[in-house]
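To keep things clear, I will list the structure first and then write my remarks on it.
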Amino acid sequence: DTYLNQGYSFDNFIEGDCNRLARSAGFAVAQRPGLTSFNPLMVYGSVGLGKTHLVQAIGNYIRNHFDDKVVMYVSSEKFTNQFINSIRNNVLQEFNDFYMKVDVLVIDDVQFLSGKEKTQDTFFHIFNHLHQLGKQIIMTSDRPPRELEGLQDRLLSRFKWGLTADLQTPDFETRIAIIQKKLQAEGIFIDSEVIEYVAHSVNSNVRELEGVLVSLMAQASLTRRTIDVELAKNTLKNIVMNEEKEVTIDTIQEIVADHFEIAIADMKSKSRKKENVYPRQLAMFLAKEYTDLPLKSIGYHFGGRDHSTVIHSIQSINELMGSDPDVDETVQKLRSYFK
Ligand code: ADP
Ligand code: MG
């Protein structure tokens with residue numbers, strides 16, 4: 001088993017300014033594994049930017065074009081576990097032999113090896129063995145080698161022997177292209193206005209972008225509505241908040257009301273029912289945390305309550321958070337929408 005996922009290819013990896021160097025180096029390596037100066041090839045970048053996709057695409061390309069080459073993809077976590085188990089089961093020799101026989105070793109997320117001295121020793125030997133034989137080594141990391149803490153210097157220096165290329169956050173154009181590609185793959189048509197809205201709003205990473213698309217498509221099919229900007233807005237509101245956008249008391253009320261499935265009107269009403277009081281208090285608590293509004297003004301937005309009610313609400317949520325893990329968890333979850 002090579003642990004490669006056939007779904008990742010160069011064909012479905014969208015090229016943009018954000019990934020051009022890494023992609024073309026990766027493609028060069030895929031065409032001539034072990035024969036370019038990009039050995040090792042180290043691809044780094046933060047989460048969800050396409051590291052795994054790209055290195056798996058390289059692995060798949062090699063496997064599809066070179067019958068005789070053994071390609072092994074492994075996450076550093078899995079590598080570590082295999083190593084530990086091989087010691088436990090007295091088969092360390094087999095473990096080493098296995099890895100020393102591959103033609104292409106793809107090892108994902110090497111930051112995970114941090115602090116794991118024994119695993120690093122073993123990887124060091126495997127690395128040297130493969131490199132000496134001209135075998136291709138491909139690695140990923142969530143940060144540049146110089147920032148990898150807890151990794152042995154002798155490993156770090158080897159990481160720099162070949163080429164280090166980074167993946168950056170995709171720009172607007174690339175995000176548009178990625179969305180179009182995904183929709184095309186699903187055979188779904190969405191208006192360009194909506195695509196642009198989504199590309200504008202989700203600007204952190206590709207995984208998040210995909211998550212939004214999946215929700216959009218699910219929502220569209222559940223409600224049998226066509227996907228328009230309105231629907232996109234509603235979907236997005238629950239998944240991501242644009243970082244630049246200021247958190248307003250209206251958004252807080254909407255999100256909290258949505259979460260508890262109550263009407264915003266109930267949040268502002270005089271109702272003393274438990275199912276309204278708790279969300280109301282929570283929304284006031286979050287309003288204090290995320291807006292600059294004075295307590296008096298917060299009270300005003302909740303059906304004209306006075307500032308002592310707001311203080312009381314904040315106190316009671318604070319106390320609940322200390323005593324009830326469910327409340328604490330709810331607060332953390334709601335906070336995550338505003339980050
Ligand atoms: P990482 O390993 O850096 O955390 P992944 O490779 O898992 O990121 O990518 C996250 C998701 O985004 C995957 O589903 C991947 O297919 C997709 N993706 C990332 N970059 C691109 C790209 N340039 N074109 C198309 N899809 C991409
Ligand atoms: Mg990954």
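The values are calculated or read from the model by the stated rules, or taken from the named source; none is laboratory data. Quantities reported herein were computed from a predicted structural model and do not represent experimental measurements. Using ideal geometry, Cβ is built from the backbone for each residue, glycine included, and neighbour counts are taken over all protein chains shown.
Which of the residues spanning segment 1-19 are under 19 Å from P144 (Cβ atoms) and near ligand 1 (Cβ under 10 Å from one of its atoms)? Talk me through it step by step, then tell me what you get.
Of all residues in segment 1-19, those under 19 Å from P144 (Cβ atoms) come to 17-19.
Scanning segment 1-19 gives C18, N19.
Tell me, please, whether a residue that is touching a Leu at 6+ places or on another chain (Cβ under 9 Å), under 21 Å from P145 (Cβ atoms) and surrounded by 16 or more Cβ atoms within 10 Å (Cβ to Cβ) can be found in segment 84-93.
Here is the first cut: in segment 84-93, the ones touching a Leu at 6+ places or on another chain (Cβ under 9 Å) are 86.
From what's left, under 21 Å from P145 (Cβ atoms): none.
Within segment 84-93 (the criterion being touching a Leu at 6+ places or on another chain (Cβ under 9 Å), under 21 Å from P145 (Cβ atoms) and surrounded by 16 or more Cβ atoms within 10 Å (Cβ to Cβ)), the answer is no, since none of the residues qualifies.
In segment 242-249, is there at least one residue being free of Cβ contacts under 8 Å to residues at least 40 places away in the same chain, loosely packed, with under 15 Cβ neighbours inside 10 Å, over 29 Å from D191 (Cα atoms) and not assigned by TED's automatic domain parsing to the domain that holds K181?
no
Do you know which residues across segment 6-51 are within 16 Å of ligand 2 (Cβ to nearest atom), more than 18 Å from R175 (Cα to Cα) and either charged (D, E, K, R) or assigned by TED's automatic domain parsing to the domain that holds D142 (or both)?
Of everything in segment 6-51, those that are within 16 Å of ligand 2 (Cβ to nearest atom), more than 18 Å from R175 (Cα to Cα) and either charged (D, E, K, R) or assigned by TED's automatic domain parsing to the domain that holds D142 (or both) turn out to be G26, L41, M42, V43, Y44.
Of all residues in segment 75-118, count the ones that are within 12 Å of ligand 2 (Cβ to nearest atom) and of a type outside the set (F, W, Y). Give the steps one after another, and end with the answer.
Quick first cut of segment 75-118, residues within 12 Å of ligand 2 (Cβ to nearest atom) only: 75-77, 106-112.
Checking the rest, the ones that are also of a type outside the set (F, W, Y) come to 75-77, 106-111.
Residues flagged as within 12 Å of ligand 2 (Cβ to nearest atom) and of a type outside the set (F, W, Y) within segment 75-118 amount to 9.
Read through the list (1) closer than 20 Å to L334 by Cα; (2) modelled with pLDDT under 85, then give the number of the only condition that T223 fails.
For T223, the exception is condition (1).
Can you list the helices (runs of 4 or more DSSP H) lying wholly within segment 22-121 that have 1 or more residues being in contact (Cβ under 8 Å) with a residue 12 or more places away in the chain, within 14 Å of ligand 1 (Cβ to nearest atom) and touching a Ser or Thr at 6+ places or on another chain (Cβ under 6 Å)? Steps first, answer last, please.
Values: elements: 51-65, 76-88, 92-100.
Fully inside segment 22-121 and qualifying: 51-65.
In this structure, is V310 crowded, with 16+ Cβ neighbours inside 10 Å and assigned to a helix (DSSP H, G or I)? Write out each step before concluding.
Numbers: crowded, with 16+ Cβ neighbours inside 10 Å: yes; assigned to a helix (DSSP H, G or I): yes.
So V310 passes the test.
Look through L320, L282 and report the one residue that is surrounded by 20 or more Cβ atoms within 10 Å (Cβ to Cβ) and in a helix (DSSP H, G or I). Full working, then the answer.
On the way: L320 fails: surrounded by 20 or more Cβ atoms within 10 Å (Cβ to Cβ).
The match here is L282.
How many of the residues making up segment 205-242 are under 15 Å from the mean Cα position of the chain (by Cα) and not acidic (D, E)?
10
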